[in-house]
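Pasting a structure below so you can have a look.
Derivation of every value follows stated rules applied to the coordinates shown; laboratory data play no part. Source: prediction; values computed, not measured. When we count neighbours, we look across all protein chains shown, and the Cβ atoms used for this are built from the backbone with ideal geometry, even at glycine.
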Amino acid sequence: MYCRNCGTQLEGGAQYCGHCGTGRNIMVDLTPQPPLNRLALWGFAAAIFTPFYGLFACIHARKLCIQRGERGAGLAKAGIILSACMMVVYPVVIILGIGYYIFS
Ligand SMILES: [Zn+2]
């Protein structure tokens, strides 16, 4: 945490800035966020169009996010679930499509 008024770095439990006396409630957290894992993002997109590839990309991305402390582990998990759903949906749609073509 850093003081919004003077920019002094503050101790975890400090209620007031030791330098200028500004209260904690108007302080801003400037701690940089870890980067978003790109593979998790692409894996999620791939899960929709190419679920087989998306599943493996998301499993690998989730592993990388946890190892490196990057953001995107949740997105990768959503991608795993989505790609698993799509792997069921696509064959059903294809079978229904073929069935409709043959029997109509
Ligand atoms: Zn201050």
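If I model a spin label as a point 7 Å beyond the Cα along the Cα-Cβ vector, how far apart are those points for Met87 and Leu36 in nm?
Rounded to a tenth, the inter-label distance reads 2.6 nm.
On a 0 to 90° scale, report how tilted helix 38-49 is relative to the longest principal axis of the chain, with both axes built from alpha carbons and the result rounded to the nearest 10.
Computed tilt is about 30 degrees.
Here is a further query. Compute the angle between helix 73-103 and the longest alpha-carbon principal axis of the chain, please, reported from 0 to 90 degrees and rounded to the nearest 10.
20 degrees
Still on this model: How would you rank Glu11, Glu70, going from fewest to most other Cβ atoms within 10 Å of each one's own Cβ?
On the way: Glu11 8, Glu70 18.
Ordered by Cβ neighbours within 10 Å, fewest first: Glu11, Glu70.
If you don't mind, there's one more thing I want to ask. Divide by every residue of the chain the summed helix terms, -39500 (n - 2.57) for each DSSP H run of at least 4, and state the resulting mean residue ellipticity at 222 nm, rounded to the nearest 500 deg cm²/dmol.
Numbers: 3 runs with 61 residues, N = 104.
Rounded to the nearest 500, the figure is -20000 deg cm²/dmol.
While we're looking at this one, here's another question. Taking the chain on its own, what percent of its Cα-Cα pair distances exceed 21 Å? Intermediate results must be reported in sequence, preceding the final value.
On the way: 3112 of 5356 pairs.
Summing the P(r) of the chain above 21 Å gives 58 percent of all pairs.
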